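These notes are about the structure you will find just below.
All of the numbers you see were taken from the coordinates with simple rules; none came from a lab. Keep in mind that this is a model prediction, so the values were computed, not measured. Backbone-built Cβ (ideal geometry, glycine too); neighbour counts: all protein chains shown.
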Amino acid sequence: MWLTELRLVLPDGIIERGAIQVVNGKIADILTGDAPVRGLTLRGLTAIPGLIDLHGDMLERDIEPRPGAYFPTEVALYELDKRLAGAGITTAFAAVGFAWTKNDLRTQEKAQEIIRTIVRCREDLNIDVRVHARFEIGNGNTAPILEMLLQEHTIDLVSIMDHTPGQGQYKNIQKYVDFMTRWLGFEPDKIGEELIKQVETSIETQVATPRDWSVAAELAALAAAHGIPMASHDDDTAEKVAQMSEFGVTISEFPVTLEAAHEARRRGMHVIMGAPNAYRGESTGGNLSATTAIQAGVVDILATDYFPFSLLGVAYKLAADGLLPLHESVKLVSQRPAEAANLMDRGSIAVGKSADLVLVEQNPAGHPRVRATLREGHFIFQDAQINRLVNHTLTLQQQDELFA
């Protein structure tokens, strides 16, 4: 199958007019200029690599879209799968948390059920959904669970988190209280002063308690033994980054200070920031701006965090704002995450790579829109415009020839 008359975003630059040949799910050839081949004409569209998301919280939120309102994991997974394909994402690491808050969704039992459902349904999904297991360092019972899941080959990425308030993401205790009241559905002005004081006292006690890194060390050793990449979450100091690096962590995700991000890059770690943060220009929690970190040259990966469109949107916005050329901003959401996750078969438009492609159109305001998404050369999402192109440019005989 040939896809012709496309603008191509390649690793080293942009080809204004070219064609891609897809054979057996791989990119077999790339032609530039007016390619003398017959194929599906896609004039006006830009081809970029399929987007790769290493950290998306959407599945948990789709299972419980409102506090206490639960839907079957399988239903949420299939619906999210369609939404991600429509956003141009062809590989997604679904973040599954273990016992951060004491709600029903992040119990160890529920987390394991979510992971096993992903694995069981994987072959029926449009995109390649993988598991990003997130473990709190304060939960001392996690190592046996991780070992069991690793032996079952159900985990693709491990991250260690420390959501203890007073450090990391929640260095400002009042911001932590504000966040938790919003997250749990409470209105701050309706919470009694005595209750807030009790919460603050509890937090101060936790902050004063020395950090126990034994759980992190156990998890890191298990991940390394199974060849699974490991990330640390919300690094806030150079010292913490150094500690994580000694454990063998290779990814610093969502560092909350520029100091931590610089140290991670100095140590050769990948640095992930949130694409919504970069798109909006600020962190919802008042921490490090991803835009600032990108300008400082310390970010090589962006992740959806909570909003699927943000990967595509931020790649184009960074280019429009003059912060990066488009072919470089696209790497933040395709090639670089592929490298961090050891997925060397995808992430760029290059001969021999998987034909994971996104066909994009910019509207008059410059906003990108996904017209079609291909995974391994097969259309997993296509809108009405692409359907019309197929119907008007190909006879039935040509379709048989192209898609044989």
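Can you order the peptides 281-290, 332-341, 363-372 by their average number of other Cβ atoms within 10 Å per residue, highest first? Working shown, then result.
Numbers: 281-290: 18.3, 332-341: 24.5, 363-372: 14.8.
The most tightly packed comes first, giving 332-341, 281-290, 363-372.
Hey, which of these cross-link pairs are over 27 Å Cα-Cα: K26/K331; K240/K317; K110/K331? Show your work: numbers first, answer last.
On the way: K26/K331 19 Å; K240/K317 32 Å; K110/K331 34 Å.
Pairs exceeding the cut-off: K240/K317; K110/K331.
Taking every DSSP beta bridge that has both residues in segment 1-126, what percent is antiparallel when rounded to the nearest 5? Could the numbers behind the result be given before it?
Working: 13 of 21 bridges.
Counting DSSP beta bridges with both partners in segment 1-126, the antiparallel share is about 60 percent.
For segment 26-73, just the Cα set please: Rg and Dmax, both in angstrom.
Answer for segment 26-73, Rg first and Dmax second: 20.4, 59 Å.
Consider all pairwise Cα distances in segment 208-317 and report the whole-number % of them above 16 Å.
Details: 3451 of 5995 pairs.
When every Cα pair of segment 208-317 is considered, 58 percent fall beyond 16 Å.
Which FRET efficiency value, to the nearest 0.05, do you get for Q385 and S214 by plugging their Cβ-Cβ distance into 1/(1 + (r/R0)^6) with R0 = 41 Å?
About 0.15, to the nearest 0.05.
Hey, can you rank 49-61, 27-39, 238-250 by average C-beta count inside 10 Å, highest first?
Numbers: 49-61: 25.1, 27-39: 14.7, 238-250: 19.0.
By packing density, highest mean first, the sequence is 49-61, 238-250, 27-39.
Kindly state, to the nearest 0.05, the FRET efficiency for T284 paired with R66, given R0 = 22 Å and r defined as their beta-carbon distance. If you can, show how the numbers build up before the last one.
On the way: r = 19 Å, r/R0 = 0.87.
So the FRET efficiency works out to roughly 0.70.
Determine the gain in length on full extension of the stretch E147-E113; use 0.36 nm per residue of separation and subtract their C-alpha separation, reporting nm with one decimal.
Going from the current span to full extension adds 10.7 nm.
Using only the alpha-carbon atoms of segment 1-97 as identical scatterers, what base-10 log of I(q)/I(0) does the Debye formula give at q = 0.10, 0.16, 0.22, 0.23 Å⁻¹?
-0.42, -0.76, -1.05, -1.11
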